[in-house]
Amino acid sequence: MFVPGNPAPQGSKRHMGNGVMVESSKRVKPWRADIREHVLARHDGTPLDGPIVASLVFFMPRPKSHYRTGCNAHLLRSRAPTRPTGKPDIDKLARAVLDALGSDGLNIWHDDAQVVELHASKHYIFAPDKKPGVLIRLNPLEG
């Protein structure tokens with residue numbers, strides 16, 4: 001399934017005292033809520049059994065600095081990178097998605113320890129009409 005939105009990394013947590021932990025990233029809570037809402041609308045509630053292979057393909061928006069100016073503003077600069085190599089880190093993006101999928105009430109799996117293989121990649125949006133987000137594939141491990 002594709003979840004539209006701006007992918008946000010699961011950052012570090014800060015201890016505020018008295019057992020209170022606060023998420024460092026302000027963007028991760030709404031992103032995880034988007035994932036949860038999207039999955040609830042499409043998942044039948046039957047948890048996956050056994051080992052799971054998770055594939056996450058992130059589509060990131062391009063910065064405006066990658067585009068030319070003036071009447072050529074729709075064209076990429078020749079030096080624009082083909083893949084996002086800066087922040088956010090892919091492991092933190094993946095952690096935000098997996099944590100959202102493992103949240104109470106989704107019943108995607110019995111335990112997130114069932115994810116035994118993880119494939120993740122970051123790409124820029126490849127067409128102006130496409131949206132940022134994440135493509136999530138969860139499959140039982142064959143054999």
### Query
So what J values fall out for the stretch 38-43 if you push phi through Karplus, 6.51 cos²θ - 1.76 cosθ + 1.60 with θ = phi - 60°, rounded to Hz, Gly and Pro as x?
5, 5, 4, 6, 10, 9
### Query
Based on Cβ point charges of +1 for Lys and Arg and -1 for Asp and Glu, what charge dipole magnitude is obtained for the chain about its Cα centre, in debye rounded to the nearest 20?
1220 debye
### Message
Could you sort the peptides 100-109, 31-40 by per-residue average Cβ neighbour count (10 Å cutoff), highest mean leading?
### Response
31-40, 100-109
### Summary
Taking Lys and Arg as +1 and Asp and Glu as -1, residues besides A73 with C-beta under 14 Å from its C-beta add up to +4
### Mean separation of Cα contacts under 8 Å, 6 or more apart, over the residue count of the chain: relative contact order %
43 percent
### Query
To the nearest µm²/s, what D does Stokes-Einstein give for the stretch 69-126 at 20 °C and 1.002 mPa s, using the Kirkwood radius over alpha carbon pairs as Rh?
147 µm²/s
#### Entry: Local electrostatic count, L93, Cβ distance below 14 Å [Lys/Arg +1, Asp/Glu -1]
+3
### Task
Please work out how much length the chain gains when fully extended from N6 to K130, using 0.36 nm per residue of separation minus the C-alpha to C-alpha distance, in nm with one decimal.
43.4 nm
### Query
Which of the aspartates and glutamates could a cross-linker span from K87 if the Cα-Cα distance has to be under 18 Å and same-chain partners fewer than 8 positions apart are dropped?
E23
### Summary
XL table K64/K92; K29/K130; K26/K131; K26/K92; K26/K122; Cα-Cα > 19 Å flagged, in table order, is K64/K92; K29/K130; K26/K131; K26/K122
### For the chain, built as a Gaussian network whose Cα springs stay under 10 Å, the top-fluctuating residue of D111, D49, D129
D129
### Task
Starting from the Cα-Cα distance between A41 and D99, subtract it from 0.36 nm times their residue separation and give me the gain in nm to one decimal.
19.1 nm
### Summary
Counting only residues 5 or more apart in sequence or on a different chain, those whose built amide H sits under 5 Å from that of I125 are M60, R62
### Task
Between Y67 and K87, with labels modelled 7 Å along Cα→Cβ, what's the label distance in nm to one decimal, could you check?
2.4 nm
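Where a number appears in this text, it was derived from the coordinates with a stated rule and is not lab data. As the structure is a computational prediction, the values presented were derived from the model and not from experiment. So basically every Cβ, Gly included, is an ideal-geometry build from the backbone, and we count neighbours across all protein chains shown.
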